[in-house]
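Here is the structure we will look at.
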Amino acid sequence: MIKAVLFDLDGVVRHFDERAVAEIEASHSLAAGSIAAFAFSEPHLTEVTTGRITRAEWVRRIGDHVENHAAARAWGATRSRIDDDVVRLAAEIRALGRTTAILTNGSDTVHAELRALDFPPTFGRVFNSAEIGHAKPDPAAFHHVLEALGVRAREVFFIDDTPRNLTAAAGLGIVTHHFTDVPRLRAALVGAGIVTTSSSSSSS
């Protein structure tokens, strides 16, 4: 039986304004996608998401690479929003007696970022890779969460928008769902017996 539902943060619960990113690059005469191409390359991404460097250092490196620190800082401050439909679904899951939590590949500023967004308590604990010292898809990140929540792999339903993270979780025996939108997520949760189609949020 599923006891805990584990959500990825970015791309599932929190979404960034991609148009704003494009505007930043254009306004600074940078090639489209140039900031993200470096920011999410290795070893920089793994170093920031495992806590080996701070987010400030990451942004500084980006600025060095694109030769524009103002653009890098603006990118680092890109607007984001919490998906209210996912929040309502998580609240429904908790109301049915199951644990909810977040597992994110984040930096040392994740908790401050979420406080700034008035992040709802609906998701329970927030597990941050920069604090764990291991980032998805490293199995150690998942083992940390399983131990902390006191559940077995087969008792967890994990939601992520990145296939390699899902593959790693499934390899441990965790039930997984590739997030694309809330209706498909709801259908998967119904199929797993976690929520029902008759709930008040089924129309969202």
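The values are calculated or read from the model by the stated rules, or taken from the named source; none is laboratory data. Predicted model only: the values in this text are computed from it and were never measured. Note that each Cβ is placed from the backbone with ideal geometry, even for glycine, and that neighbours are counted across all protein chains shown. SASA here: full protein model, heavy atoms, side chains in, ligands and nucleic acids out. Shrake-Rupley method; radii C 1.70, N 1.55, O 1.52, S 1.80 Å.
In this structure Thr49 has an accessible area near 10 Å², from a 1.4 Å probe over the protein heavy atoms.
The residues neighbouring Ala26, those whose beta-carbon lies less than 13 Å from its own, together hold a net charge of -2 under the Lys/Arg +1, Asp/Glu -1 convention. If you add up the charges near Gly173, with Lys and Arg at +1 and Asp and Glu at -1, over every other residue whose beta carbon is less than 14 angstrom from its beta carbon, what do you get? Here the charged neighbours net out to +2.
Note on Glu113: accessible area approximately 40 square angstrom, rounded to 10, probe 1.4 Å, nucleic acids and ligands left out.
Could you please state how large a percent of the accessible area of the chain is carbon and sulfur, counting protein chains only and using a 1.4 Å probe? The value for the chain is 52 percent carbon and sulfur by accessible area. Is segment 97-204 rounded, prolate or oblate when judged by the Cα gyration tensor, a ≥ b ≥ c being the square roots of its eigenvalues, rounded requiring a/c under 1.5 and prolate requiring a/b larger than b/c? Oblate shape, in that a/c is at least 1.5 and b/c is the bigger or equal ratio.
Restricting the trypsin sites (Lys or Arg not before Pro) of segment 56-95 to loop positions (DSSP other than H, G, I, E, B) with no more than 15 neighbouring Cβ atoms within 10 Å leaves Arg79. Accessible-area rank, largest first, for Val126, Val86: Val126, Val86, with all protein chains present and a 1.4 angstrom probe. Just so you know, the Cα atoms of segment 54-116 work out to an Rg and Dmax of 16.3, 51 Å.
In whole percents, the pair-distance distribution calculated for the chain from its alpha-carbon pairs, binned every 10 Å from zero, is 8, 33, 34, 18, 6, 0. Projected onto its three principal axes, the C-alpha set of segment 1-81 covers 53, 29, 16 Å, listed from the longest axis down. Taking label positions 7 Å along the Cα-Cβ direction at both Ser34 and His65, the computed distance is 1.3 nm, reported to one decimal. Of all the C-alpha pairs in segment 79-148, what % are more than 13 Å from each other? Looking at segment 79-148, the distances longer than 13 Å represent 67 percent of pairs.
Among the chymotrypsin sites (Phe, Trp or Tyr not before Pro) found in segment 21-122, those both in a DSSP coil and sparsely packed, with 14 or fewer other Cβ atoms within 10 Å of their Cβ, are Phe40. All other residues whose Cβ lies under 15 angstrom from that of Arg60 are scored, Lys and Arg at +1 and Asp and Glu at -1, for a net of -1.
Segment 40-70 and segment 93-124 have Cα centres separated by 24 Å. For the chain, a simple Cβ point-charge model (Lys and Arg +1, Asp and Glu -1, everything else neutral) yields a dipole of about 600 debye relative to the Cα centre. The trypsin sites (Lys or Arg not before Pro) found in segment 123-193 that occupy coil by DSSP, while having at most 16 further C-beta atoms within 10 Å, are Arg152.
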